[in-house]
Amino acid sequence: MQRRTHLSLLAGLAVAPLATPALAAPQPDFAALERSVQGRLGFFAIDTGSGRTLGHRADERFSMASTFKILLAARVAQGVEGGRWTWDDEVSLHKSERIAHSPAFDRLLPRGRATLAQLVQGIVVESDNPCANILLRHCCDSPAGLTMWLRQQGDEVTRLDRWELDLNENAPGDPRDTSSPRAFAKTLGHLLLADGLTRSNQARLWADLQASQTGLKRLRAGVPDAGWRVIDKTGTGYRGAVNDVGLVFPPDGRSPWVVVALQSDSRASTDALSVVLAGAMAEMVKAWG
């Protein structure tokens, strides 16, 4: 009887397939990417569907450069929602306000004024610098005013201290005009995906991010095909501050990811540092895609 029982168990093992252990997803080698340009890469991503996160140097400070402009745009949008101003409110423009990189400002200057909607489009789509300074003055009183508003959003890390173009200095150890990847990602998710703004204003800013062409070689270049959509805001400053932040929409209707990638301390070219950002996105897709 005992022998028959053993034979029966062996027979069952012979026909039942053995469970194959699931293969762990490859973990991104962000350290190798930053070594390739001898700099620092800060990265943080949030999967808004599952809540999982992935980071590298997530709590270190990095210069934001022009990525702050999407936060400024959200501040303007929230002011519209609160009735402080409207998208059609006009602001006077003066030639004395012109500084480097002013494509939108130069188009608007002959008329002598621009709506808040036009100025926000200018800073998000074309990363226009004088338009950013005008909005900081009109809607925040100063860069410190944007920082105060960020504290009201629950962000205790991100800070803006200076105007364009000074905020791009990125001096070693200087905390001014910086954020951490984790803090920036959480604030971006709150504003663009959660309840920080109304759906209509989120859609407005999504459309502006989508229309921007400044990030074609950065995070957008790291997704495998057209089934993926990336809408982003770039920033470029001194000492290797070549950045990109945005939302990534995986295929098949999956929930979006918030992705923030900030760099510093490298002497590599902007093109080489853009390749690092594309590589970080590609690694992200391998891990979560």
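Is there a residue being charged (D, E, K, R), closer than 21 Å to Leu277 by Cα and either out of contact with any strand residue (DSSP E or B) (no Cβ under 7 Å at 6 or more places or on another chain) or not in a loop (DSSP other than H, G, I, E, B) (or both) anywhere in region 231-239? Among the residues of region 231-239, at least one is charged (D, E, K, R), closer than 21 Å to Leu277 by Cα and either out of contact with any strand residue (DSSP E or B) (no Cβ under 7 Å at 6 or more places or on another chain) or not in a loop (DSSP other than H, G, I, E, B) (or both), which makes the answer yes. Mind checking whether some residue in region 95-114 is open to solvent by 10 Å² or more (accessible area, probe 1.4 Å), β-branched (Val, Ile, Thr) and in contact with a strand residue (DSSP E or B) (Cβ under 9 Å, 6 or more places away or on another chain)? No: zero hits.
Residue check: is Gly215 part of a loop (DSSP other than H, G, I, E, B), open to solvent by less than 10 Å² (accessible area, probe 1.4 Å) and not basic (Lys, Arg)? Talk me through it step by step, then tell me what you get.
Numbers: part of a loop (DSSP other than H, G, I, E, B): yes; open to solvent by less than 10 Å² (accessible area, probe 1.4 Å): yes; not basic (Lys, Arg): yes.
Against the criterion (part of a loop (DSSP other than H, G, I, E, B), open to solvent by less than 10 Å² (accessible area, probe 1.4 Å) and not basic (Lys, Arg)), Gly215 qualifies.
Of all residues in region 222-242, exactly one satisfies the criterion of being touching a residue at least 40 places away in the same chain (Cβ under 8 Å), within 18 Å of Val125 (Cα to Cα), open to solvent by 10 Å² or more (accessible area, probe 1.4 Å) and not β-branched (Val, Ile, Thr), namely Gly237.
Looking at the structure I just gave you, is Leu160 open to solvent by less than 20 Å² (accessible area, probe 1.4 Å), in a loop (DSSP other than H, G, I, E, B) and in contact with a Leu (Cβ under 9 Å, 6 or more places away or on another chain)? It would help to see each step written out before you state the result.
Values: open to solvent by less than 20 Å² (accessible area, probe 1.4 Å): yes; in a loop (DSSP other than H, G, I, E, B): yes; in contact with a Leu (Cβ under 9 Å, 6 or more places away or on another chain): yes.
The answer is yes for Leu160.
So for region 194-201 (the condition being hydrophobic (A, V, I, L, M, F, W, C), part of a helix (DSSP H, G or I) and touching a residue at least 60 places away in the same chain (Cβ under 8 Å)), does at least one residue qualify? The answer is no; no qualifying residue exists. Starting from residues that are assigned to a strand (DSSP E or B), buried (at least 22 other Cβ atoms within 10 Å of the Cβ) and of a type in the set (A, V, I, L, M), keep the ones in region 32-66 and report whichever is nearest to the chain's Cα centre (by Cα). Among them, the one singled out is Ala45. Out of region 254-289, which residues are farther than 12 Å from Leu219 by Cβ, crowded, with 20+ Cβ neighbours inside 10 Å and hydroxyl-bearing (Ser, Thr, Tyr)? Of everything in region 254-289, those that are farther than 12 Å from Leu219 by Cβ, crowded, with 20+ Cβ neighbours inside 10 Å and hydroxyl-bearing (Ser, Thr, Tyr) turn out to be Ser264, Ser266.
For Arg113, the conditions (1) farther than 22 Å from Glu81 by Cβ; (2) touching a residue at least 40 places away in the same chain (Cβ under 8 Å); (3) in contact with a Ser or Thr (Cβ under 9 Å, 6 or more places away or on another chain) are fulfilled apart from (2).
Among the residues of region 68-94, those that are open to solvent by less than 30 Å² (accessible area, probe 1.4 Å) and among the charged types (D, E, K, R) comprise Lys69, Arg75. Residues that are of a type outside the set (Ser, Thr, Tyr), in a helix (DSSP H, G or I) and without any contact (Cβ under 8 Å) to a residue 60 or more places away in the chain: does region 243-252 have at least one? No, because not a single residue in region 243-252 is of a type outside the set (Ser, Thr, Tyr), in a helix (DSSP H, G or I) and without any contact (Cβ under 8 Å) to a residue 60 or more places away in the chain. Scanning region 172-207 for residues that are of a type in the set (D, E, K, R) and open to solvent by 10 Å² or more (accessible area, probe 1.4 Å) gives Asp174, Arg176, Arg182, Lys186, Asp195, Arg199, Arg204.
Listed residues Ser200, Ser180, Ser142; which is among the hydroxyl-bearing types (Ser, Thr, Tyr) and over 23 Å from Trp257 (Cβ atoms)? Step through it out loud before you land on a result.
Values: Ser200 fails: over 23 Å from Trp257 (Cβ atoms); Ser180 fails: over 23 Å from Trp257 (Cβ atoms).
Just one listed residue meets the conditions, Ser142.
Of the residues that sit in region 186-217 and are within 15 Å of the chain's Cα centre (by Cα) and basic (Lys, Arg), which one is farthest from Thr234 (Cα to Cα)? My answer is Lys186. So, Ser266, is that one touching a residue at least 40 places away in the same chain (Cβ under 8 Å), in a loop (DSSP other than H, G, I, E, B) and under 17 Å from Phe44 (Cβ atoms) or not? For Ser266, the condition - touching a residue at least 40 places away in the same chain (Cβ under 8 Å), in a loop (DSSP other than H, G, I, E, B) and under 17 Å from Phe44 (Cβ atoms) - is not met.
The values are calculated or read from the model by the stated rules, or taken from the named source; none is laboratory data. Remember, it's a predicted structure, so these values are computed and weren't measured experimentally. Note that we place each Cβ from the backbone using ideal geometry, even for glycine, and neighbour counts take in every protein chain shown. Each accessible area value is taken on the protein alone, full model and side chains, heavy atoms only, with ligands, DNA and RNA left out. Shrake-Rupley method; radii C 1.70, N 1.55, O 1.52, S 1.80 Å.
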